[in-house]
Amino acid sequence: MHTVEALLALIILIGAVAYASQTAPKQICTGEERTQLYLYGRDFLNILDMEHGDHTSWLYHQISGTVNGSRWNAAENIINEWNKTSLPSKGVFCKVEIINLTEKGINVVNFSAGEPSEDAVTISKIVTIVNPPYVEIYEVRLTLWYA
């Protein structure tokens, strides 16, 4: 009888350890991984903001709405471009925020592929749209994390 009780206790103990290991965070970013996330984000935003011959960029057209007619699809379009890279298959996910910095206040548009972890990295890019006599300033924030 003692053998059966010991076997049951062992099974319960193994089950508790297995459960605890499954509920623990899957990955915690080290300093090197945070640096790598920063580099991924910086390079990604720089590529989107690469200047064309008319002194604009893909990112400029998304924010200004001159391509799709609605600048508020820009966050979703940036996520779609992110998903075309190989990074989501490597476990790197992102959230995009577009902040309109105007005289009237701050307007934020969010689009996310999930909720960022506590050790997420945020990279930003400023986009300025000049339509005389108005100047609009937008900050594009890309938050990256490992899942």
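The values are calculated or read from the model by the stated rules, or taken from the named source; none is laboratory data. This one's a predicted model, so the numbers in the text were calculated from it and none came from an experiment. Note: ideal-geometry Cβ built from the backbone for every residue, glycine included; neighbour counts use all protein chains shown.
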Mind listing just one residue for me: the one in region 74-95 that is touching a helix residue (DSSP H, G or I) at 6+ places or on another chain (Cβ under 8 Å) and assigned to a helix (DSSP H, G or I) and, of those, modelled with the lowest pLDDT?
A74
In region 75-99, what residues are under 11 Å from the mean Cα position of the chain (by Cα), surrounded by fewer than 15 Cβ atoms within 10 Å (Cβ to Cβ) and over 14 Å from Y40 (Cα atoms)?
none
Quickly run through region 40-56 and pick out the residues that are at pLDDT 90 or above and of a type in the set (S, T, Y).
Y40
Please go through region 119-136 and pick out each residue that is surrounded by 14 or more Cβ atoms within 10 Å (Cβ to Cβ), among the hydrophobic types (A, V, I, L, M, F, W, C) and not in a loop (DSSP other than H, G, I, E, B).
V121, I123, V127, I129
